[in-house]
Amino acid sequence: MQGNYWQRLNRRRFLAGMGTGAAGAAMLVSGACGSSSNKSSNGTTGPTSSGSSGGSGGSNVPTPPQISLAPDLKTIQSGTPKTGGSFHAVLGGGSPDQYDPLRDAGYPGLQVAGGCLSSLVRAHYPILGDLTIEPDLAETREQPDEQTTVFHLRKNAKWQNVAPVNGRDLTADDIKANFDYMRTAQPDFVLGPMFELVDRVDATDAHTVTVHTSKPYAPLISNLADIWGKIIPKEQYADDLAKQKPVGSGPFIFDHFTNGVEYVLKKNPDYYISGKPYVDELHWHNFDPSNPNLAPAAFKAKQIDTGGAATIPLALQLIKDVPNANWGWRYGVLNPMMLNNSVAPFNDERVRQAVMYAIDPESIIKITWQGFGKQGQQIPLWYSEYQLADADLPKRDVKKAKDLLSAAGHSNLDLVDKTFQGGQLAFGTLQVQQSLKDAGINLTIQQQQWADWRVNVYGIKGDFQCTMGGEFDFLSLDRQLWNSYHSKGAANNRHVKDANLDKMLDDARGIFDHAKSVAAYKAINKYITDHAINIALPNGTAPTATQPWVKGWFFDWSAGALLEMNFLDSVWLEAH
Amino acid sequence: MTNYIVGRLISAVITVIGTTFLVFGAVRFLPGNAVDIIASTSTVGGPNAHAQVEHELGLDKPFLVGYGDWLKQVATGDFGKSLINGQSINRFLKEGLPVSAELGLMSLVFGIAFGVPIGVISAVKQDSWIDFVLRSLSIVLLAVPGFLIAVIIIVVASRVWNWNPPITYIKFTDDPVHNLEQFLLPAIILGFSSAAALMRFTRTSMLDVYRQDYVRTARAKGLSERSVVWTHAFRNALIPIISVIGVFLAYIIGGTVIFEQIFQLPGIGRFLLSEVNTRDYPGIQAIALIFALIVVAVNLITDLAYTLIDPRVRY
């Protein structure tokens, strides 16, 4: 598989996912991750002790080092849903380029398509909450053995009553066709690698699909529950119809759009979940990302129901201006310093480790994220149970860095970091450059045009010595890690060829026991960290909000995984 | 006169072709490997995507042949399809042109309505405090980019009054009030900020005419100052002013690209930006052609307008 996998990575998406530019986030309250007092609506209450309920005023303003992460989900989920109204949301990252998630639609396309398309299963990961995998088109599923998964489809599921599907029934044959479509041997079918182990898909009867894998493959469900794992009708496969207009079985039907400005979806009257969706229309608004004041101004003027701000100062101001909004701080995308493991000097582990020990993560947290950041790891920070303890993370040690460099035969080292224009401001690149100097490492920043960087540097060509520019995070750890670090991974732009790591990644795929799976992936996290195969820089957090009258729905914990797009059928609006 | 018009039309065609030729070539020199970028995101897939995209772009043909093919296609009114999403460029142009035209025309009207009278007043009141204020204002408008003024106004209006311009585009024919509410502010700002140069030019032109003997004669004959200024001086000052309006319009066209972004207007300027970002050559070339046609047409019209204003001018 080639590297068109990377095309979904759009500068604006990263910047939108992180809250653009310098996002500042306070250090997490150490007990917040996994704290039972901060669970999602599946468990207990929402906000932390710093007092950020959705409705209070100045006490809602976060300050480093403590921030309040979660909105008052209890209030958001309370009340009897009312039908009607239009929900106005902000597109992150520009206007949609295309709408086919299986073919690497960009962030905005995924947001629009998310309301129109369904999955077999869908994932929900609320801020500070627990991950749940919920039924979608597959009402129930069972796993008779580790290589067989049986999905029982909803009998009332239909495709939307628009061309080319015209409201026909959605059957097991459609799911089978979708699996085949997902695995089309073309570079832009980005989920293909994640289903390579799918050996055979049988439509056992009209509403039963049996998926057989050639080996035990535990991540099958998380791949299907990801925002990309959508079901598209076969009528849309040819002539790139799926790219041009999203047609599916989801709660909303794509109605019309004003190019680059607004994308309008209307309620699907034949949606298979009775009573949903609640709102009549869903409007996606695209604001110019280079003007970070526009979206906050529209939020203040109550023209849009979702909000946030591109930078922390704007966000803090907006929190003051709209204190009664539901505010939540969530993690932005991964922030790695990617090293080309196959060429000098980074084919020498000692040099990679030297760079890792020379970097000062505190300066990135302080300057790039303005205090609102946390040391990153190989697995997204919102996957709290997979995180390593602080003691296991590398600490800055300039002497150690110099010793390692010396052992590798370098007294000084010149490196070139390729980044896209403006990227050096958003990921801590300048702070990395500064801190490396202390260890005698001179980092030259070479800026490129975004699209060029995306294809030739960040893409599978991996034409770089090192590069910084953010990295997307996925629900599926298999996609996050196997695809990126396995020697056969389609997204292995770091050119990693490590037999031990390959084995760890292959073995993790076959572990179904949750506790053992967590242990396995934590071990992979540690291995990649210890060997500096990839250097995880601090992540920022991005504030996001909904208007106080928005009920039944809030953003999930990851700005990048877009899981909340799976649940647009649940949003409803109180009178206001 | 007929010969003049024919000559100008021939010249216009050459200009437009020249412009499109330059743009056709220039986009292919944009930084980054366009074929890689497009092949990785376009509707063309498969192992031969790179070669297929090159074929679609005509890059596998000699440059002149590719350009000729594109011209032939455009001559039939077909601007091609987006290489990114397969949608018809004609469709986007059809939707976007009325929007940009409305913004452009309104800005032009505001700009002329503001710039010309201000320039005349400034000239008539030369060296007075009025002249000083108006000249200072023009310098400010020249120095401060229009889009910055626009963003400042939005931010201030948001902070002080919780007001934001409409974010949903509605056609004039569907709801004129809402439509004008959305267009008025960007048109005024774009018009005014573009008018600064027009104002200064008007002032200079008026001052030049104001010193002429015939103006002194008109005043000596006892005509009112108003008649002297508007009937005698202004009309003669108008010729060079009209010639500048063509340039003024080009400035406004450029301004619409950014203003459409700021004010959520789905015009072709906004479309152009997204096309450039995605290296969607057919869209870029189409809009460049349209912009060139507009500028050339306006300049032709302004040249012909001289004959109406100055009876001495005959072609």
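Taken together, the values in this text are just the output of simple stated rules run on the coordinates, not laboratory data. Small disclaimer: the values here were computed from a predicted structure and weren't measured. Using ideal geometry, Cβ is built from the backbone for each residue, glycine included, and neighbour counts are taken over all protein chains shown.
When every alpha-carbon pair in the stretch A:163-232 is counted, what percent end up more than 17 Å apart? Mind showing how you got there, number by number?
Values: 1091 of 2415 pairs.
The calculated P(r) of the stretch A:163-232 puts 45 percent of pairs beyond 17 Å.
Need one value for A:287-300: mean number of C-beta atoms belonging to other chains within 10 Å of its residues' C-beta atoms. Present the calculation step by step, with values, prior to reporting the outcome.
Details: counts 4, 10, 1, 5, 8, 1, 8, 11, 2, 3, 12, 7, 2, 7.
Per residue, the average neighbour count from other chains is 6.
Evaluate 2.2 N^0.38 Å with N set to the residue count of the stretch A:441-490, then give the Cα radius of gyration divided by it. Don't jump to the answer; show the numbers that get you there.
Working: Rg = 12.7 Å, N = 50, 2.2 N^0.38 = 9.7 Å.
Against the empirical 2.2 N^0.38 Å value, I get 1.30 for the stretch A:441-490.
Within chain A, what's the longest stretch lacking GluC sites (Glu not before Pro) that sit in DSSP loops with no more than 16 other Cβ atoms inside 10 Å?
Working: sites that count: A:E146, A:E196, A:E574.
The longest such stretch corresponds to A:197-573.
Looking at the calculated P(r) for the stretch B:200-298, what percent of the C-alpha pair distances fall above 17 Å? List each step's numbers first, then the result.
Numbers: 3094 of 4851 pairs.
The calculated P(r) of the stretch B:200-298 puts 64 percent of pairs beyond 17 Å.
Can you tell me the order of A:394-400, A:491-497 when each peptide is scored by its average per-residue count of other Cβ atoms within 10 angstrom, highest first? Can you show the working numbers first?
On the way: A:394-400: 14.7, A:491-497: 20.9.
The peptides rank, most packed first, as A:491-497, A:394-400.
What distance in nm separates the two pseudo spin-label positions at B:V177 and B:D60, each 7 Å out from Cα along the beta-carbon direction?
Label at B:V177, label at B:D60, 5.8 nm between them.
Take the Cα pairs of the stretch B:98-186, get the Kirkwood Rh, then feed it into Stokes-Einstein at 10 °C and 1.306 mPa s and tell me D in µm²/s.
Approximately 104 µm²/s, per Stokes-Einstein.
Computed from the mean reciprocal separation of all distinct C-alpha pairs, what Kirkwood hydrodynamic radius does the stretch B:63-219 have, in Å?
Numbers: mean 1/r = 0.0519 Å⁻¹.
19.3 Å is the Kirkwood radius here.
Place a +1 charge on the Cβ of each Lys and Arg in the stretch A:108-174 and a -1 charge on the Cβ of each Asp and Glu, then give the dipole magnitude about the Cα centre in debye, rounded to the nearest 20.
Working: 6 positive and 10 negative charges, 77 e Å.
Here the size comes out at about 380 debye.
Just checking the output field for A:187-196: average partner chain Cβ neighbours within 10 Å of each residue's Cβ? Please report the intermediate quantities before stating the final value.
Details: counts 6, 9, 1, 0, 0, 0, 0, 0, 0, 0.
Neighbouring Cβ atoms belonging to other protein chains average 2 per residue here.
Could you work out the local net charge near A:Q465, counting Lys and Arg as +1, Asp and Glu as -1, over the other residues with Cβ closer than 14 Å to its Cβ? Spell out each step's value before the answer.
Values: positive: A:R352, A:K418, A:K461, A:R494; negative: A:D348, A:D414, A:D417, A:D463.
Neighbour charge sum, excluding A:Q465 itself: 0.
Gaussian network model of chain B, Cα springs within a sub-10 Å range: biggest mean-square fluctuation belongs to which of B:D280, B:D69, B:D175?
In the Gaussian network model the winner is B:D175.
Can you pull out the trypsin sites (Lys or Arg not before Pro) in the stretch B:82-187 whose DSSP state is coil and whose Cβ has at most 15 other Cβ atoms within 10 Å?
Working: sites: B:R91, B:K94, B:K125, B:R135, B:R159, B:K171; in loops: B:K125, B:K171.
Passing sites in the stretch B:82-187 are B:K125, B:K171.
What are the trypsin sites (Lys or Arg not before Pro) within the stretch A:294-387 that DSSP puts in a loop, where the Cβ has at most 15 other Cβ atoms within 10 Å?
Details: sites: A:K300, A:K302, A:K320, A:R330, A:R350, A:R352, A:K366, A:K374; in loops: A:K302.
Sparse-neighbourhood loop trypsin sites (Lys or Arg not before Pro): A:K302.
Find out how many positive minus negative residues lie around A:G373, taking Lys and Arg as positive, Asp and Glu as negative, among other residues whose Cβ is under 11 Å from that of A:G373.
On the way: positive: A:K366, A:K374; negative: A:E362.
Local net charge: +1.
Considering every Cα-Cα pair within the stretch A:304-426, what fraction, in whole percent, is farther apart than 25 Å? Intermediate results must be reported in sequence, preceding the final value.
Values: 3094 of 7503 pairs.
Every Cα pair in the stretch A:304-426 considered, those over 25 Å come to 41 percent.
Over the whole of B:231-239, what's the average partner chain Cβ count within 10 Å per residue? Rounded to a whole number, please.
Details: counts 0, 0, 0, 0, 0, 0, 0, 0, 0.
Mean shielding by partner chains, rounded to a whole number: 0.
Restricting to lysine pairs 8 or more places apart or on different chains, what number in the stretch A:376-437 have Cα atoms under 22 Å apart?
On the way: A:K395/A:K437; A:K399/A:K437; A:K400/A:K437; A:K402/A:K437; A:K418/A:K437.
Lysine pairs meeting both conditions in the stretch A:376-437 amount to 5.
List the pair-distance distribution P(r) of chain B, using every Cα-Cα distance, as the percent of pairs falling in each 20 Å bin from 0 up to the bin containing the longest distance, rounded to whole percents.
In whole percents, the pair-distance histogram is 27, 49, 22, 3, 0.
Could you pull out the trypsin sites (Lys or Arg not before Pro) across the stretch A:499-566 that fall in loop regions by DSSP (anything but H, G, I, E, B) with no more than 15 other Cβ atoms inside 10 Å? Don't skip to the answer; put the middle values down first.
Details: sites: A:K503, A:R509, A:K516, A:K522, A:K526, A:K551; in loops: none.
Qualifying residues, ordered by number: none.
How many Lys pairs in the stretch A:215-288 lie less than 24 angstrom apart by Cα atoms, where the lysines are 8 or more positions apart or on different chains?
17
How large is the direction-averaged shadow of the alpha-carbon convex hull of the stretch A:440-576, in nm²?
Values: hull surface 49.0 nm².
Reported value for the Cα convex hull: 12.3 nm².
So for the protein assembly as shown, taking the charge dipole from beta-carbon charges (+1 Lys/Arg, -1 Asp/Glu), which of A:G373, A:A163, A:T210 sits furthest toward the positive end?
Toward the positive end, the furthest listed residue is A:G373.
Would you calculate, for chain A, the mean residue ellipticity at 222 nm contributed by helices, counting each DSSP H stretch of 4 or more residues as -39,500 (n - 2.57) and dividing by all residues, to the nearest 500?
Taking each H run of at least 4 residues, the total per residue is -6000 deg cm²/dmol.
When the expected Rg is taken as 2.2 N^0.38 Å, what fraction or multiple of it is the alpha-carbon Rg of the protein assembly as shown?
Details: Rg = 30.2 Å, N = 891, 2.2 N^0.38 = 29.1 Å.
Cα-based Rg divided by the globular estimate yields 1.04.
Considering only the other residues whose Cβ falls under 11 Å of the Cβ of A:Q317, what net charge follows from Lys and Arg at +1 and Asp and Glu at -1? Don't skip to the end; give the middle numbers.
On the way: positive: A:K300, A:K320, B:R159; negative: A:D321.
Net local charge, A:Q317 excluded: +2.
If you line up the Cα atoms of the stretch A:140-262 on their principal axes, what length do they span on each, largest first, in Å?
So the three principal-axis extents are 48, 34, 22 Å.
Among A:I175, A:Y458, A:L153, whose Cα sits farthest toward the positive end of the charge dipole of chain A (+1 at Cβ of Lys/Arg, -1 at Cβ of Asp/Glu, about the Cα centre)?
Value: A:Y458.
Starting from the Cα coordinates of the stretch B:140-275, work out the convex hull volume and express it per residue in Å³. Mind dumping the intermediate values first?
Working: hull volume 21.6 nm³, N = 136.
Per-residue hull volume (Cα only) is 159 Å³.
Calculated from DSSP H runs of 4 or more alone, at -39500 (n - 2.57) each and per residue, what is the 222 nm mean residue ellipticity of chain B, nearest 500?
-25500 deg cm²/dmol
How large is the translational diffusion coefficient of the stretch A:395-509 in µm² per second when you combine the Kirkwood radius over alpha carbon pairs with Stokes-Einstein at 10 °C and 1.306 mPa s? Please report the intermediate quantities before stating the final value.
Values: Rh = 15.8 Å.
Value of D from the Cα-based Kirkwood radius: 100 µm²/s.
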